[in-house]
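Asks: One structure, pasted below without further comment.
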There are 2 protein chains.
Amino acid sequence: MSGGMIEGNAVIGQSGGPTAVINQSLVGIIEGLRGAGAGQAGSPIKKILGMRHGVRGLTQDQLVDLSSIEQAKLARIAATPSAALGSTRDKPDADYCKRIFTACEKHGIRYFFYIGGNDSSDTCRIVNELADTAGYELRCFHVPKTVDNDLPVNDHTPGYPSAARFVANAFRADSLDNASIPGIKINVVMGRHAGFLTAASALARNGEGTGPHLIYLPEITFDTERFVQQVSEVYDRYGRCQIAVSEGIQDEESQPIATQIFSGETDAHGNVQLSGTGALGDALSLILKQKLTPAGGKAPRVRADTFGYLQRCWPDQSPVDADEALRVGRYAAMCASSGDVDGSVAILRAGRGYAGEDYRSELDRIELTEVAAKTKHLPEEFMNGTADVSQAFIDYATPLVGELPRFEGF
Amino acid sequence: MSGGMIEGNAVIGQSGGPTAVINQSLVGIIEGLRGAGAGQAGSPIKKILGMRHGVRGLTQDQLVDLSSIEQAKLARIAATPSAALGSTRDKPDADYCKRIFTACEKHGIRYFFYIGGNDSSDTCRIVNELADTAGYELRCFHVPKTVDNDLPVNDHTPGYPSAARFVANAFRADSLDNASIPGIKINVVMGRHAGFLTAASALARNGEGTGPHLIYLPEITFDTERFVQQVSEVYDRYGRCQIAVSEGIQDEESQPIATQIFSGETDAHGNVQLSGTGALGDALSLILKQKLTPAGGKAPRVRADTFGYLQRCWPDQSPVDADEALRVGRYAAMCASSGDVDGSVAILRAGRGYAGEDYRSELDRIELTEVAAKTKHLPEEFMNGTADVSQAFIDYATPLVGELPRFEGF
């Protein structure tokens, strides 16, 4: 294969759970390809196509021509949450991948961009390896995206800062609600394996006694007895207790607590359905009501909310997230149009954003094998005891989330 | 009793479920009392006190002096969601009311303001009647507040427009999420008896095929078979279906569907707990999965979110709501300081806000008996068939909610 520019079309797909900024990355890739001359006379990059619902649409010839969409419309799409092209949870096997090649050949595709999380980067790796084996030159780029923030190498991933912003905002407002009519309040937060999003609830705190008072992460074995004890202590102290619980909390055998509660559905990746149900929160409520009711006395007021899909689609992009999601898209397009390389784009932190240092990020091309199907967990130094996060996590997450509304009380 | 100004202190309480703008009304009352001279030399209105957690705090001498809080702080409090003084769900009986009088006499209270919904206005009425019977001159004002929008006389109530704004925003963003990865999505919305908040989901629509596709209100008997049929039709047509369900949907015997699902807790008013649990959404999901799975085939993707307490505390006040919540507070203070009157403040629509007419509201003093413990339902003309709202409702609600973000797609 040559190191120069190969002639053909580009295709862009969006995969996995959408985010508030996934369209920023889509627009970033389009802008990057246009910047590299796509569509202009003499340019090796011809049309810019979009897959409807990811590789599923590609294999079914459901493509949309993005070549000549005007800049004003692109800007509005970038500001729109959820996947504008449609997304998919399909995970291609060898046969599916053959169909992807057939589609690539049929549509003259030589530049392949796939925006997604770790399952999606694995799809990207498989497609790329099959392209290599087939001797088909395909410049294949994964563009990172996941509210779970669980991709390796990356300091953080596009989508996480905006979702974390929603979670922090929600906990800050809900803590006031919980203080208004005191009781025990459980809020269940997304994040199948990694506790980053649940940890972001800690950013809601703004003063002594404000919530969340307890934070339960999937990285720390969930012990029901300890949970009840910890809630009881906070409730005795403040007359109320606001609790952040990850949907992915696990028992000592690494089994999700949620799967013990209901006969869960699994998706194409074998993942159990954790979101889109209130079962975990309701089960934990029931446990607290039962265990914290004094003999002959009245059960405490316990409520549970499961934040659900609003976490990933709420239309309030964090400024850092909007900027970076656009940039990773542009960077992938730049890499792919500059030589015969494949890979993923990683966000590295170049300026800490605390201790007097401005926040700044840099982008780097990494190999697909470095990111594909790997999961990063909340590191040890971001946790504090069994039900809290550390100052190191607060320092890490604060610049990503941006300014939150400041509330006032008596 | 004299028609002039009686000398004494004023007290303000917040009651029932808090809202995003309940502190606007608190600040409005303080500003109104200050405007009437409260605290100034020679003024009959002496101190402005706040009840901690409503009448519960008043009877326990838990009062806070609000007389000299600076204007800048008041402005920040007005912008803060949830009840800054704390709220309560206590409903005073005759004995409780005696304790309220004792507290009023003890603290020299002659001006009594209670911000709340229909349960709270009833509290206000009882306190006022006992004051009359006891020959104790107490100027007693109810200041309306409820996200349920179910107070009679009022065109709408403070708190509703902001909660409706959250619901409309959430449905608009979630409809994009549902279009990204198509399936059936149920969102359960607050509103025990009245469907106004669930109806507001319709404001999310912005084009053919956008959600919500079906809206289930507590005013229309919920028929499970019809529900399954309607969802099936939409799903066949669009390949997806976004559904708004009121937490208060009822069967043909006017029993909440939710109570059939779980052994509900009841509050001091005998109300069954509907919020703070995902049980209703999960039960409806299960029904759809079972009924819509083709013989030998795969169940459709069904998810349910219950929006929960974020609906009433999300920190995004609708401009109309912020303005009116402040004004009803000021108006109550003005009435109470202008003569020996009691009552509630009602919001009346003076400019429609559609059909070429600007939106405008006027305030009116009404009798406590006109509003106390009465519930308004979504009127017939706001409904359309068995699972939708009418254009008349859209016209009614649009000016209240304010501008929503406009999204763009391909």
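Asks: Once the Cα gyration tensor of the stretch A:1-108 is found, what semi-axes does its equivalent ellipsoid get, as square roots of 5 times the eigenvalues, in whole Å, sorted largest first?
Replies: Over the Cα atoms of the stretch A:1-108, the ellipsoid semi-axes are 21, 21, 11 Å.
Asks: Pairs on different chains or at least eight residues apart, Cα atoms closer than 19 Å: how many lysine pairs in chain A fit?
Replies: Close lysine pairs found across chain A: 12.
Asks: Please arrange A:Leu176, B:Leu197, A:Leu130, A:Leu214 by counting, for each residue, the other beta carbons lying within 10 Å of its beta carbon, fewest first.
Replies: Result, fewest neighbours first: A:Leu130, A:Leu214, A:Leu176, B:Leu197.
Asks: Under 20 °C and 1.002 mPa s, how fast does the stretch B:157-240 diffuse according to Stokes-Einstein, given a Kirkwood radius computed over C-alpha pairs? Answer in µm²/s, whole number.
Replies: 159
Asks: What GluC sites (Glu not before Pro) does the stretch A:19-108 have in DSSP loop regions with at most 14 other beta carbons within 10 Å?
Replies: A:Glu70
Asks: Could you tell me how many cubic angstrom of Cα convex hull volume the stretch A:215-264 has per residue? All intermediate terms of the calculation are to be shown ahead of the outcome.
Replies: Values: hull volume 4.0 nm³, N = 50.
Hull volume normalised by residue count: 79 Å³.
Asks: Looking at the square roots a ≥ b ≥ c of the eigenvalues of the Cα gyration tensor of the stretch A:277-324, which shape do they give, rounded for a/c under 1.5, prolate if a/b is larger than b/c, or oblate?
Replies: Cα axes put the stretch A:277-324 in the prolate bin.
Asks: For chain B, find the longest principal axis of its Cα atoms and tell me its angle to the long axis of helix B:224-238, 0 to 90°, nearest 10.
Replies: Tilt relative to chain B: about 60 degrees.
Asks: Further question: Need one number: % antiparallel among DSSP beta bridges in the protein assembly as shown, to the nearest 5. Write out the running numbers ahead of the final one.
Replies: On the way: 28 of 92 bridges.
So the antiparallel bridges amount to about 30 percent of the total.
Asks: Once you have all Cα-Cα distances for the protein assembly as shown, histogram them in 20 Å bins from zero and send the whole-percent values.
Replies: Pair shares across the bins are 16, 46, 30, 8, 1.
Asks: Here's another thing I want to ask about it. How high is the FRET efficiency from B:Gln229 to A:Glu370, r the C-beta distance, R0 45 Å, rounded to 0.05?
Replies: Efficiency for this residue pair is about 0.35.
Asks: Using Cα-Cα distances under 8 Å and only pairs 6 or more residues apart, what relative contact order does the stretch A:1-86 have, in percent?
Replies: In percent, rounded to a whole number, it is 41.
Asks: Calculate log10 I(q)/I(0) of chain A for q = 0.10, 0.11 Å⁻¹, where I(q) comes from the Debye formula with a single equal point scatterer on each Cα and nothing for solvent.
Replies: -0.67, -0.79
Asks: For A:Ile109, what residues show an amide H to amide H distance below 5 Å, using hydrogens built from the backbone and excluding near sequence neighbours?
Replies: A:Asn9
Asks: While we're on this one: Given 37 °C and 0.692 mPa s, how large is the Stokes-Einstein diffusion coefficient of the stretch B:330-389 in µm²/s, with Rh as the Kirkwood radius over Cα pairs?
Replies: 229
Asks: On to the next question. Give, rounded to the nearest 20 debye, the magnitude of the charge dipole that the protein assembly as shown has about its Cα centre when Lys and Arg contribute +1 at Cβ and Asp and Glu contribute -1 at Cβ.
Replies: Dipole size: approximately 640 debye.
Asks: Related question: Find, among the trypsin sites (Lys or Arg not before Pro) in the stretch B:349-410, those assigned to loop by DSSP (not H, G, I, E, B) with at most 15 other beta-carbon atoms within 10 angstrom. Kindly include the intermediate steps, with their values, before the conclusion.
Replies: On the way: sites: B:Arg349, B:Arg352, B:Arg360, B:Arg365, B:Lys374, B:Lys376, B:Arg406; in loops: B:Lys374, B:Lys376, B:Arg406.
When the trypsin sites (Lys or Arg not before Pro) of the stretch B:349-410 are filtered for loop state and at most 15 Cβ neighbours within 10 Å, B:Lys374, B:Arg406 remain.
Asks: I'd like the Karplus ³J(HN,Hα) series for the stretch B:283-299: coefficients 6.51, -1.76, 1.60, θ = phi - 60°, whole numbers in Hz, and an x wherever there's a Gly or Pro.
Replies: Values, residue by residue: 5, 5, 4, 4, 4, 5, 4, 5, 7, 9, 7, x, 3, x, x, 9, 5 Hz.
Asks: At 37 °C and 0.692 mPa s, grab the translational diffusion coefficient of the stretch B:276-410 from Stokes-Einstein with a Kirkwood Rh over Cα pairs, rounded to a whole number in µm² per second.
Replies: 168
Asks: How big is the stretch A:22-179 in terms of Cα radius of gyration and Dmax, in angstroms?
Replies: So, for the stretch A:22-179, Rg and Dmax equal 17.8, 65 Å respectively.
Asks: Using R₀ = 25 Å, calculate the FRET efficiency as 1/(1 + (r/R₀)^6) where r is the Cβ-Cβ separation of B:Asp65 and B:Tyr136; round to 0.05.
Replies: Plugging the Cβ-Cβ distance into 1/(1 + (r/R0)^6) gives 0.65.
Asks: Which GluC sites (Glu not before Pro) in the stretch B:169-232 pass both tests, a DSSP loop state and at most 12 other beta-carbon atoms within 10 Å? Please report the intermediate quantities before stating the final value.
Replies: Details: sites: B:Glu208, B:Glu219, B:Glu225; in loops: B:Glu208, B:Glu219.
Here the sparse-neighbourhood loop sites are B:Glu208.
Asks: Also: What residue of chain B has the nearest C-beta to the axis that moves B onto A, and what is that distance in Å, given as a whole number?
Replies: B:Gly278, 1
Asks: Using alpha carbon coordinates only, what is the Rg to Rh ratio of the stretch A:168-213, with Rh defined as the Kirkwood radius? Walk me through the numbers before you get to the answer.
Replies: Details: Rg = 10.8 Å, Rh = 11.0 Å.
Reported Rg/Rh, Kirkwood definition of Rh: 0.98.
Here, each number is a calculation from the coordinates, and none is a lab measurement. For clarity, every value in this text was computed on a predicted model and none was experimentally measured. We place every Cβ from the backbone using ideal geometry, glycine too, and count neighbours over all the protein chains shown.
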